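Okay, so here's the structure we're looking at.
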Amino acid sequence: MAAVETSESAVKSSIDTASEPIIRMTGVHKWYGQFHVLKNINLNVQPRERIVICGPSGSGKSTMIRCINRLEEHQQGEIVVDGVEMTGNLKNIEAVRSEVGMVFQHFNLFPHMSILDNCTYGPIWVRHMPKKEAEDRAMHYLERVRIPEQANKFPGQLSGGQQQRVAIARSLCMDPKIMLFDEPTSALDPEMIKEVLETMVELAETGMTMLCVTHEMGFARTVADRVIFMDFGQIIEENEPNEFFSNAQNERTQLFLSQILH
Amino acid sequence: MTTQDQAVQSYAPGEHPDLPAPMLTSGPLFWIKENLFSSWLNVVLTVLTMLLLWAVIPPLLSWAFVDSVFTAADRNECRELGSGACWAFISERFTFFIYAFYPAGERWRVNLAFILMILALVPLLYDKTPYRKYGLIYACFFPVLAYWLLLGGFGLKEVETHTFGGVMLNLVIGVTGIACSLPIGILLALGRQSNMPVVRMLCVVFIEFFRGVPLITILFVASTMLSYFLPPGSEFDLLLRVLIMVTLFSAAYMAEVVRGGLQAIPKGQYEASDSMGLKYWQSMRLIVLPQALKISIPGIVNTFIGLFKDTTLVLIIGLLDLLGLGRSALADSKWNGLSTEIYMSVAIFFFICCFGMSRYSLYLERKLETGHAR
């Protein structure tokens with residue numbers, strides 16, 4: 001127990017709560033046609049902070065993190081990422097997107113390119129990095145996710161867990177300041193979930209700012225600084241993980257937790 | 001050791017030797033049994049097919065090769081020499097069918113342009129060509145070279161386009177159409193998916209117009225109507241008009257084929273390339289189009305083949321392509337009544353070209369295969 005506390009205090013001390021938040025969402029609303037998906041979302045994320053977002057399906061959690069790199073457009077409110085406000089300005093959007101890595105539920109690797117090319121195209125075309133340097137960097141991150149030997153294969157030849165780890169490496173090659181994970185393990189078999197989660201835990205230990213939409217509560221307990229519960233397009237409750245799991249305040253949260261924690 | 005002993009004998013896990021498969025479950029005999037005689041219906045069909053082939057092939061071969069005549073002065077001499085095909089007619093007209101009215105002294109230019117075209121195609125079609133990069137740069141300049149060689153100017157004797165005809169005309173229209181319609185078609189397909197309403201509208205109107213009007217009508221427009229719209233006295237080459245119209249016509253078809261491919265690309269691919277910060281044209285060029293075009297290869301080649309065969313339609317506005325020359329050659333009283341030979345030669349020419357394209361597309365599809373599913 002003591003060990004847990006020290007590690008937690010170490011984590012807390014690494015977050016500089018006084019500094020300017022790296023993501024600031026103020027009064028964000030979004031509609032799909034007439035359907036009101038996000039209702040008055042207010043969320044500040046500090047640099048190096050790890051946030052897990054959970055909630056029932058259709059609660060707007062994916063939509064919320066997709067608004068951060070503007071894969072979805074919000075209609076009201078303000079989202080500021082790394083000092084840049086997300087508006088229709090394409091230059092700003094591209095600048096923010098190159099700083100924000102994203103990992104998808106279905107990996108979305110590029111099937112017509114080798115694993116190595118998947119990892120080098122971003123740095124080469126967006127960062128104008130020389131090919132050799134991009135390849136060295138790609139191999140570095142592929143080693144970190146422990147699949148360097150697959151570099152010359154194509155995505156179709158890899159297992160789901162391997163593909164998702166490549167997707168993580170691909171995002172890391174862009175040297176992002178923030179990583180967004182949109183249900184990274186929900187399309188995977190149980191044994192592959194573990195290998196992907198391990199990679200994510202290791203990434204968390206390096207101090208990456210992370211926002212994860214996931215139902216992996218074990219992961220939330222180990223790495224999250226804050227757990228956010230969303231329902232009906234609103235943030236219902238947020239707390240640090242121990243409090244969140246043992247002492248949920250809201251009735252909706254309690255019900256949700258009782259259903260997924262068995 | 002008897003078979004029964006073998007069946008009884010047990011092996012440690014992994015120690016069981018690989019035994020040969022039983023007869024008639026693999027090999028050529030198996031193939032024959034499985035594909036030709038697997039059921040009574042199949043047996044009947046096989047026998048009928050054999051009979052049909054036997055009835056058709058030998059007479060055709062003897063007509064085309066055994067009893068045929070390759071050198072003769074006219075039809076009557078052909079008749080005396082053999083009862084089969086009179087290829088002498090074709091061989092007498094051979095150069096005419098290829099170059100038509102192109103000045104005899106300048107025909108080396110057509111040959112050179114053809115050889116240069118082959119040289120440009122090799123690096124374009126085979127990615128293992130040595131020095132492919134330079135080959136591709138050369139391929140970009142080939143159209144200029146070909147234009148200069150075929151039409152003259154800058155030191156070469158100028159040749160009017162109305163002397164173009166025969167195989168050469170088919171190739172000029174076909175190759176230009178193919179080379180230009182693909183990029184235009186891709187742009188139209190992207191435009192049709194654009195977020196900008198004006199661009200989208202323009203592309204839709206263009207595509208629907210050119211797809212909705214028969215090519216012959218468009219060619220008539222090219223040959224007659226266009227001169228009404230152009231300022232009086234302006235010279236606008238007929239062949240050039242035809243080239244433009246044929247290109248736009250097949251670009252409209254191409255656009256729809258490519259759009260089909262674009263729609264097959266999962267939304268996640270766009271999202272992944274967007275989330276990396278790739279710009280629109282980058283993500284189209286690097287991520288979306290390579291996949292969309294790969295899916296569209298059968299449709300694209302289909303359109304190419306259709307376009308190439310449609311080059312014979314220029315006959316209607318008085319340009320004499322291979323088919324046109326063949327038809328006019330039939331009027332020659334010296335070689336009366338040899339339409340079978342003419343049409344068969346024309347058919348063989350088109351078949352070789354189109355079959356070649358079709359095989360290449362299959363090769364390309366296999367080469368681009370990168371493992372199952374996306």
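If A:GLN157 meets every condition in (1) within 12 Å of chain B (Cβ to nearest Cβ); (2) over 21 Å from B:GLN282 (Cα atoms); (3) open to solvent by less than 20 Å² (accessible area, probe 1.4 Å) apart from one, which number is that one?
(3)
For B:ARG259, are the conditions met, namely being closer than 30 Å to A:ARG70 by Cα and of a type outside the set (Val, Ile, Thr)?
Here the answer is yes, as B:ARG259 does meet what is asked.
Which of the residues belonging to region A:92-107 are open to solvent by 20 Å² or more (accessible area, probe 1.4 Å) and either touching a residue at least 60 places away in the same chain (Cβ under 8 Å) or at the interface with chain B (Cβ under 8 Å from one of its Cβ atoms) (or both)?
Selection gives A:GLU94, A:ALA95, A:ARG97, A:GLU99, A:GLN105, A:HIS106, A:PHE107.
What about B:SER345, is it in a helix (DSSP H, G or I), closer than 30 Å to A:GLN105 by Cα and open to solvent by less than 50 Å² (accessible area, probe 1.4 Å)?
So B:SER345 fails the test.
Of all residues in region B:325-357, how many are touching a Ser or Thr at 6+ places or on another chain (Cβ under 9 Å) and of a type in the set (A, V, I, L, M, F, W, C)?
Going through region B:325-357 one residue at a time, the tally reaches 3.
Of B:GLN282, B:GLN269, which residue is open to solvent by 20 Å² or more (accessible area, probe 1.4 Å), within 14 Å of chain A (Cβ to nearest Cβ) and polar (S, T, N, Q)?
After applying the criteria, what remains is B:GLN282.
I'd like to verify a number: residues in region B:296-315 that are crowded, with 19+ Cβ neighbours inside 10 Å and within 14 Å of another protein chain (Cβ to nearest Cβ), how many?
Adding up the residues that qualify gives 1.
Got a sec? Which of A:VAL201, A:VAL196 is touching a helix residue (DSSP H, G or I) at 6+ places or on another chain (Cβ under 6 Å), hydrophobic (A, V, I, L, M, F, W, C) and either at pLDDT 95 or above or open to solvent by 20 Å² or more (accessible area, probe 1.4 Å) (or both)?
Just a single option satisfies the conditions, and that option is A:VAL201.
Among the residues of region B:316-327, write down those that are open to solvent by less than 60 Å² (accessible area, probe 1.4 Å) and out of contact with any Gly (no Cβ under 6 Å at 6 or more places or on another chain).
B:ILE317, B:GLY318, B:LEU319, B:ASP321, B:LEU323, B:GLY324, B:GLY326, listed by residue number.
Among the numbered criteria (1) open to solvent by 30 Å² or more (accessible area, probe 1.4 Å); (2) in contact (Cβ under 8 Å) with a residue 40 or more places away in the chain; (3) closer than 29 Å to A:GLU73 by Cα, which single criterion is violated by B:GLY260?
With (1) open to solvent by 30 Å² or more (accessible area, probe 1.4 Å); (2) in contact (Cβ under 8 Å) with a residue 40 or more places away in the chain; (3) closer than 29 Å to A:GLU73 by Cα applied to B:GLY260, the lone miss is (2).
Quick check on my filter: what residues within region B:101-146 are assigned to a helix (DSSP H, G or I), surrounded by fewer than 14 Cβ atoms within 10 Å (Cβ to Cβ) and among the aromatic types (Phe, Trp, Tyr)?
Passing the criteria: B:TRP108, B:TYR134, B:PHE141.
With A:GLY83, A:GLY33, A:GLY58, A:GLY27 as the choices, which residue is on the phi > 0 side of the Ramachandran plot, open to solvent by less than 60 Å² (accessible area, probe 1.4 Å) and more than 14 Å from chain B (Cβ to nearest Cβ)?
Selected residue: A:GLY27, the only one of A:GLY83, A:GLY33, A:GLY58, A:GLY27 that is on the phi > 0 side of the Ramachandran plot, open to solvent by less than 60 Å² (accessible area, probe 1.4 Å) and more than 14 Å from chain B (Cβ to nearest Cβ).
In this structure, is A:ARG70 assigned to a loop (DSSP other than H, G, I, E, B) and either in contact with a helix residue (DSSP H, G or I) (Cβ under 6 Å, 6 or more places away or on another chain) or within 14 Å of another protein chain (Cβ to nearest Cβ) (or both)?
Yes; evaluated as a whole, the condition is true for this residue.
Restricting attention to region B:195-209, does a residue exist that is part of a loop (DSSP other than H, G, I, E, B) and surrounded by fewer than 20 Cβ atoms within 10 Å (Cβ to Cβ)?
yes
Only one residue in A:ARG165, A:ARG170 is touching a Gly at 6+ places or on another chain (Cβ under 9 Å), open to solvent by less than 30 Å² (accessible area, probe 1.4 Å) and among the charged types (D, E, K, R). Which one?
Sole residue among the options that is touching a Gly at 6+ places or on another chain (Cβ under 9 Å), open to solvent by less than 30 Å² (accessible area, probe 1.4 Å) and among the charged types (D, E, K, R): A:ARG170.
The values are calculated or read from the model by the stated rules, or taken from the named source; none is laboratory data. Please read all numbers here as calculations on a predicted model, not as lab measurements. Neighbour counts run over all protein chains shown; Cβ positions are idealised from the backbone, glycine included. Each accessible area value is taken on the protein alone, full model and side chains, heavy atoms only, with ligands, DNA and RNA left out. Shrake-Rupley method; radii C 1.70, N 1.55, O 1.52, S 1.80 Å.
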